[in-house]
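A.B. asks: Pasting a structure below so you can have a look.
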Amino acid sequence: MTPRQRQRAIRGSLYVLLIAAVAAALLFADWASIQRNFFRWDIAVEMFPEVLTRFAVNTLIYTLVAFVLGLVLALILALMRLSPVGPYRWVATAYVEFFRSVPALVTILLVNFGIPLAFGRRVPGGLLGIAAVGLGIVAAAYMAETIRAGIEAVPRGQMEAARSLGMRPSQAMFSIILPQAFRIIIPPLTNEFVLLIKDTSLLFVVGTTPLTRELTKFGRDTMQTLGNATPMVVAAFIYLVITLPLTYLVRRLEKRGARGR
Amino acid sequence: MAVDRTAPPIQIIGLGKKFGELEVLKGIDMQVNAGEVVCVIGPSGSGKSTLLRCVNRLEEPTSGRILIEGVDMTDPDVDIDRLRTRIGMVFQHFNLFPHLTVLDNLTIAQRKVLKRSKHEAREIAVANLERVGLIDKIDEYPNRLSGGQQQRVAIARALSMKPDMMLFDEPTSALDPELIGEVLDVMRRLAQDGMTMMVVTHEMGFAREVADRVVFMDGGVIVEEGPPKDVLSNPKHERTRRFLSMIL
Ligand SMILES: Nc1ncnc2c1ncn2[C@@H]1O[C@H](COP(=O)(O)OP(=O)(O)O)[C@@H](O)[C@H]1O
Ligand SMILES: [Mg+2]
């Protein structure tokens, strides 16, 4: 066999394998049961519009507050990691390492149960506050590294040009370096936003009320009430509708960035 | 910090610079007087850029002093940012701000550092763009310009601070040969207008024609300096002769 023939044979058998797998699935799965338990049109329809107007909106609001707080915190951490003052660097490094190593769930629980014990008061803002602080703390650890990488990707000459024009280090950082750094890191930051959307599903552990639930909790509650998995499928579908355009956007931006350089 | 306009713009006294163990500048003494154009030449790695960068303290000198209009640049208590506005700097790789338009490149430091009004900063920017012949590019972004145009914008940006002196670090070395002329033309006119200039360059034609003095550096010391016709046409030192024969 020539290499080309061999390649063809491999391709062919891959197709055969795929078709066999699909056929087996079609043959052995209980399609009536799947349809009955996962794809009940009447149940799905019944969930609208609340699943969108309330629960998808809740998910997005939790994501947004966590992202904004996380971003501010991340910027501070990134600047600390680049600081000439040792202790700032150490604190920031410890923070990043800690919160990247600990499950987000643990951090959320620590915030929810630990803060009242440590400070004698709950996080303000109810679940929204927990979302912002708990998820924001975690997101900040990841985004701090992203921002630092972005700052370091800006050529050194930019800082030198800014300083030679008489700008103070902070002026140069905020009006020259950071605008360029953020342009570089829009794709990874968008990725972080997508991860955060999914992480809001962890918020159920701190307890929710019927109106403050996000998508996953709402889907799960409805699933358990009805004894049918359709609500979870609807929830999954909505996640998909929200995140797919974002991931597509990231890919577009990354391509453009790659071409721009 | 009284700026003494009668003091020479740049006075370098016993300047030394080490990068770790590497001694790059070994006691440089030189002076640039008001309105003078001094070209610094020398082989690659001889410390020309380091010397220039020490003048506005982009590099910290290890020893010696630098007086800018009589003010000690190396004094830790000096308002370095204020002093830097007196010194324009032009880099080999232009270092324009790519996220800003040409106009904003020229106004941002005027606004943020000198606190000029938006209107005044714009007027000054326009005047300097006309000076370098690029007024029609005022709203472009830097990446839409040729290398020569970018370097002219960089010169206009430095001039917009109304500095008393200009430092050039191989301003044409990153340019395609056909774009070098337009940048040298701008610099030549700047010299005619009486700007004090310290220019690191490999353009011997420019040095011969425009420089009042040429300084030849090698191995972190000044080997020879004097009028261009002496240093370039009739060098006293063997090292200068060898360098000139290599690049000509
Ligand atoms: N930031 C730095 N760290 C370490 N070494 C440096 C640094 N900058 C320059 N050097 C070294 O100093 C020497 C002189 O460099 P430079 O001033 O750029 O020379 P020139 O401009 O004459 O080519 C070179 O050997 C260079 O490698
Ligand atoms: Mg150099």
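A.B. asks: Please identify the pairs in which a residue from region B:6-30 that is outside any strand (DSSP E or B) has its Cβ atom under 7 Å from the Cβ atom of a residue that is among the charged types (D, E, K, R) and crowded, with 22+ Cβ neighbours inside 10 Å, counting only partners at least 6 apart or on another chain.
C.D. replies: B:Ala7/B:Glu69; B:Pro9/B:Glu69
A.B. asks: Taking region B:65-92, which residues are away from every other protein chain (no Cβ under 14 Å) and either of a type in the set (Lys, Arg) or within 16 Å of ligand 2 (Cβ to nearest atom) (or both)?
C.D. replies: B:Arg65
A.B. asks: Moving to a separate point now. Scan B:Arg116, B:Arg57, B:Arg82 and give me the residue that is within 17 Å of B:Pro163 (Cβ to Cβ), away from ligand 1 (no atom under 16 Å from the Cβ) and in a loop (DSSP other than H, G, I, E, B).
C.D. replies: B:Arg116
A.B. asks: Restricting the first residue to region B:40-53 and requiring it to be within 14 Å of chain A (Cβ to nearest Cβ), which pairs with a second residue that is in a strand (DSSP E or B) and near ligand 1 (Cβ under 6 Å from one of its atoms) meet a Cβ separation below 6 Å and a spacing of at least six or different chains?
C.D. replies: Within 6 Å, the pairs are B:Thr50/B:Val24.
A.B. asks: Can you name every one of the helices (runs of 4 or more DSSP H) wholly within region A:114-200 that holds 1 or more residues which are within 14 Å of another protein chain (Cβ to nearest Cβ) and touching a residue at least 12 places away in the same chain (Cβ under 8 Å)?
C.D. replies: In region A:114-200, the matching helices (runs of 4 or more DSSP H) lie at A:136-153, A:156-164, A:169-172, A:178-199.
Every read-out reported here was derived from the displayed coordinates using simple, explicitly stated rules and does not represent laboratory data. Bear in mind the structure is a predicted one, so any value in this text is a computation, not a measurement. No Cβ is skipped: glycine too gets one built from the backbone with ideal geometry, and neighbour counts run over all protein chains shown.
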